[in-house]
Structures are given as C-alpha cells and as structure tokens.
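Since every read-out is calculated from the coordinates, none of them should be taken as a lab result. Note that this is a predicted model, so its numbers are computed, not measured. Virtual Cβ from ideal backbone geometry, glycine too; neighbours counted across all protein chains shown.
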Amino acid sequence: MLKIEIIDEAGEVPLDQRRLKDAVRAILQEASVTEAQVSIAVVDDPTIRRLHHKYLGVDEPTDVMSFLLERGESSLEGEVIVSAETARAAAARFGWPAGDELLLYVIHGALHLVGCDDVTDEQRHEMRRREQAHLGRFGLNRPDEIV
C-alpha cells in the first residue's frame, strides 16, 4: 500500500492534493516500490531555511528537501518538504502557476527518495529528463529558463 500524506503549513499556494499524490505514486510505482509512507510538507521560507541550515549547513531557503527515512527492496518511508513561498516567487519569474512549480518540487523530491540524484552533470540531465516525463503526465512542460 502506498500512503501519501500532505500537510499544508503555509497556505500560500492552492494545492491540488490529488495531482501531488498521483505524481508521487507514479514515481514510487516506477521504482517498484509497493509499500510506502511518504509525507509531503508545504512550508514557508523561514521553516525551510531552518531545516536547510540544520541538515545541510546552508543558511538560506531552498525549494525542496527530501529525507529518506527507511528503504527496503520494495518499501520506502520518506519526507518531502517544499517551500510555497519559493514556488510562488519562482513561478512568477518563469511565467507558470505556483501550483505547477510546487508540483515540480514534489516530483524532484520524490525522485530523490527513489534514488535519483543530481550532483554530476549526467545525473542532473537524467533528473531533468525524469522530471519532464512526470510533468508531462499532467500536460506540463518545464519552463525553458529552468531546464
């Protein structure tokens, strides 16, 4: 069973919870995860800044953080934390809705949970390809500026 929970602590961006859950579910299924518990927290910039500093030593807000808590052969437990404020600001810059930017962040975080990384150029290219594939399921394309 795939259990995906969304907590909106920010209340700044209209959330399409079904779309967010469907995206995470598709990523988990693609990775052959059959048992999962994933929480998605939508927070403000001060909250994600504190977490970014605490866990990565960077004292500034970020768009998304993910934490893999447990991973088995076909199971996973993890958290994806996204910033609604950052999504709203980036969406205005890129000319698409904040809800679409937030969906991109959730997809990115979920891909990290299943083992996709973006440290090297090759990994970054693969991450972008997979992000676009998942956005495409919802009829979306990444804005050119962030590809």
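Proximity of backbone amide H atoms, modeled 1.01 Å from N, is registered between residue 2 and 36 at under 5 Å, excluding neighbours fewer than 5 places apart on the same chain.
Rounded to the nearest Hz, the phi-derived 3J(HN,Hα) couplings of region 9-18 under the Karplus curve 6.51 cos²θ - 1.76 cosθ + 1.60 (θ = phi - 60°) are 8, 8, x, 9, 10, x, 9, 9, 4, 4, where x marks glycine and proline. Placing unit charges on the Cβ atoms of the charged side chains and taking the dipole of the chain about its Cα centre, the candidate lying farthest along the positive direction among 67, 97, 53 is 97. When +1 charges are put on Lys and Arg Cβ atoms and -1 charges on Asp and Glu Cβ atoms, the dipole computed for region 2-142 relative to its Cα centre reaches about 360 debye. Computed over neighbours whose Cβ is under 14 Å from that of residue 122, the net charge equals 0, Lys and Arg +1, Asp and Glu -1. From the alpha carbon centroid of region 10-44 to that of region 89-147 is 14 Å. Across region 62-71, computed HN-Hα scalar couplings (Karplus, 6.51 cos²θ - 1.76 cosθ + 1.60, θ = phi - 60°) run 9, 7, 8, 10, 10, 10, 8, 8, 7, 9 Hz from first to last residue, x flagging Gly and Pro. Count Lys and Arg as plus one, Asp and Glu as minus one, and take only other residues whose Cβ is under 14 Å from that of residue 50; the net charge is then -4.
With θ taken as phi - 60° and the Karplus curve 6.51 cos²θ - 1.76 cosθ + 1.60 applied, the whole-hertz 3J(HN,Hα) list for region 31-38 is 8, 6, 8, 9, 10, 8, 10, 10 Hz, x standing for glycine and proline. Taking every DSSP bridge with both residues inside region 15-147, close to 45 percent are antiparallel. Extension gain for residue 128 to residue 29 (0.36 nm times residue separation, less C-alpha to C-alpha distance): 33.8 nm. Normalising the average separation of contacting C-alpha pairs (under 8 angstrom, six or more residues apart) by the number of residues puts the relative contact order of the chain at 23 percent. Shape class of region 2-142 from the alpha-carbon gyration tensor: rounded, with the ratio a/c of largest to smallest axis under 1.5.
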